[in-house]
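A.B. asks: Before I ask anything, let me first share the structure, which is written out below as structure tokens.
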Amino acid sequence: MLEDVLGNVNKERVLVYLTARGDGYPSEIADFFNAPATPIQVQAEKLETAGVLYSRLVGRSRVYSFNPRCVYVKELKALITRALEFYPEDISTALLNNRRRPRKPEKPLKRSISD
């Protein structure tokens, strides 16, 4: 959707994922979009070089987040959030469902009303 504006579909994927989830590492982003990890990594590095993102090491993984010192990060996030409203519902729901930790074994599953 923003590929024409941003110039690259993988750059869009990185920015959309980080807007929805706050942070992430390239292979996690690639797995979500069923894309190869190398182009995602390249775009994340370019965005870091441009000052839009910053990264930190967590164990052996490099985790990327938006750089709060970037002067236009607020406007960029607003644009991407607006574009996310037009994504297919299954993708936007999956992006916004930010569950990363496994469920405790004794915790019951939430049941829907129709069950």
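The values are calculated or read from the model by the stated rules, or taken from the named source; none is laboratory data. All values derive from a computational prediction rather than experimental measurement. Neighbour counts are summed over all protein chains in view; Cβ atoms, including those assigned to glycine, are modelled from backbone coordinates with ideal geometry. Accessible surface is based on the protein model in full, side chains and every heavy atom, while ligands, DNA and RNA are left aside. Shrake-Rupley method; radii C 1.70, N 1.55, O 1.52, S 1.80 Å.
A.B. asks: Mind listing just one residue for me: the one in segment 6-27 that is in contact (Cβ under 8 Å) with a residue 40 or more places away in the chain and not in a helix (DSSP H, G or I) and, of those, surrounded by the most Cβ atoms within 10 Å (Cβ to Cβ)?
C.D. replies: 24
A.B. asks: Now a separate question. Going through segment 47-63 one residue at a time, which ones are under 18 Å from residue 6 (Cα atoms) and touching a Leu at 6+ places or on another chain (Cβ under 9 Å)?
C.D. replies: Within segment 47-63, 47, 52, 53 qualify.
A.B. asks: Restricting to segment 48-89, count the residues that are open to solvent by 70 Å² or more (accessible area, probe 1.4 Å), of a type outside the set (Ser, Thr, Tyr) and under 15 Å from the mean Cα position of the chain (by Cα).
C.D. replies: 5
A.B. asks: What pairs come out if I take residues in segment 45-61 that are in a loop (DSSP other than H, G, I, E, B) and pair them with residues that are among the hydroxyl-bearing types (Ser, Thr, Tyr) and open to solvent by 90 Å² or more (accessible area, probe 1.4 Å) whose C-beta lies under 9 Å away, six or more apart or interchain?
C.D. replies: Short answer, once both residue conditions are applied: 52/72.
A.B. asks: Here's a follow-up. Taking segment 64-115 as the search range and keeping residues that are outside any helix (DSSP H, G or I) and β-branched (Val, Ile, Thr), which one is modelled with the highest pLDDT?
C.D. replies: Here the residue is 71.
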